Amino acid sequence: MDFLNWLDDDMSLKILMCLDDPSDLVRVSCVSRSWRHYVIANGLCKQLCLRMFPQLSRVHCVVELNKQGAKEHAEVGSSYYMEWQALEREHRVYAYFAKASMSSVIEDCIEETIGASSTDNYPEESIVNTLDPRDRVPGRALYWSSKGQSNPGVPETLTYKLFSQICDITEIIIQPFQAFFQMGLPIYSAKSVRFKMGHPKASSVASGEEEFVWTYISPEFAMVQENRLQKFTLPEPVLCIGGILQIELLGRIQRQEMDGLFYICVSYVQVKGRLLLPAFSAEILEPSGKFVLKKDQLATCHPLAILSENESDAISNDVQRRLRDFQQIVNMLQENAMEIGDVWDEEEDEVDEFEDYVL
């Protein structure tokens, strides 16, 4: 029984939306033509992506690019045909996107530094030092230091560019700096941290105006005054669209003895997540803040293409095993048929002999 034909649409959708793996949705779409039509027409892969990453609600449209970077144009046809082509394109792009976000390796996403809100001694105490996991090299220490402030409530920011326009960020790692060359070995940590993600503004802006658009602002996390790597895990993975991440360092704890001012110092920063480059990119549409989600170099149009190699091999092996089992059943049936035929022939011979005897 095909439950899609017996249940109302709401109940069928509720059942299929329990699937949280894009591979399962693709397998569902391979069951039959009617199931494939149902999955695509209801945009189940898109809805799965929206549940995983609410930031995708800002997608204006999706585009597939060929190997030369040009858009794949749909053929001319009726309005229904064009609408169906758009739904199929969304199904492919979102299915690939969901699978890539789940199967990619988590790694460091920082490409380069953009700048700090202040720097005490430039370039010796530059933000660039925060990309090196060492806190010292021969002859000097490696860390970023803010300017001193008499007010411990003055915040600081560190801004970084990520490797990809679209990154799935899971956690940020920060290590406060311990001044091993000062009396008492003070640790210049912040009281708490907060993270912003977004993209640069499309055009140059007037001085004093914020040059980035922030599409995500995290909760505030408490930082401890300890010289160690401190991991700040986001409540849920966040899609950074635009490739810019800013760390807000809120509140100062340590006062420097020689001048009586409060400082914040950081020795190392790492942003952990999944890079969706080069498969996906984004084109920001100003001033709406929406963006075009682009999928480059579609590898294959086969519906099982988004499965990993291990999953594909497993399916292939399973099919081959089932074919071998089926062949064995066929052979057994053929052998039984031959044995039955032999018995039948022997019975026919006995009947013929009996008839000859009677006659």
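List of remarks:
- Using θ = phi - 60° in the Karplus curve 6.51 cos²θ - 1.76 cosθ + 1.60, the 3J(HN,Hα) couplings for the stretch 225-237 round to 8, 9, 8, 7, 5, 10, 8, 10, 8, 5, x, 7, x Hz; x is entered for Gly and Pro.
- The three principal axes of the C-alpha atoms in the stretch 107-275 carry coordinate ranges of 45, 36, 30 Å, sorted with the longest axis first.
- Residue-by-residue Karplus 3J(HN,Hα) for the stretch 148-157, coefficients 6.51, -1.76, 1.60, Hz, glycine and proline x: x, 9, 7, 8, x, x, 5, x, 9, 9
- Each peptide in 186-197, 278-289 was scored by the mean count of other Cβ atoms within 10 Å over its residues; highest first, the order is 186-197, 278-289.
- Spin-label model distance (nm) - Asn121 vs Arg140, 7 Å beyond Cα toward Cβ: 0.8 nm
- Nonlocal amide H pairs with Ile114, under 5 Å, H built at 1.01 Å: Thr159, Tyr160, Lys161
- Coupling constants for the stretch 116-123 follow from the phi torsions by the Karplus curve (6.51 cos²θ - 1.76 cosθ + 1.60, θ = phi - 60°), and in residue order they are 10, 5, 7, 9, 6, 10, 9, x Hz; glycine and proline get x.
- Built amide H within the under 5 Å cut-off of Phe177, gap 5+: Tyr188, Cys265, Val266, Ser267
- Debye equation applied to the C-alpha atoms of the stretch 90-205, log10 I(q)/I(0) at 0.15 Å⁻¹: -0.84
- Computed E for Glu283/Leu261 - FRET, C-beta separation, R0 41 angstrom, nearest 0.05: 0.35
- At 0.890 mPa s and 25 °C, Stokes D of the stretch 3-103 from Kirkwood alpha-carbon radius, µm² per second: 168 µm²/s
- The stretch between Ile173 and Glu210 holds 10.8 nm of extra length on full extension. This uses 0.36 nm per residue minus the Cα-Cα distance.
- Around the amide H of Leu276, modelled in the peptide plane, lie the amide H atoms of Ile166, Asp168, all under 5 Å away and 5 or more residues distant in sequence or on another chain.
- Net charge contributed by nearby residues that have their C-beta within less than 15 Å of Val224 (K/R +1, D/E -1): +2
Coordinate-derived values only; no laboratory data. Treat the numbers as computed from the prediction; the structure is a model and nothing was measured. Glycine gets a Cβ as well: all are built from the backbone with ideal geometry, and neighbour counts include every protein chain shown.
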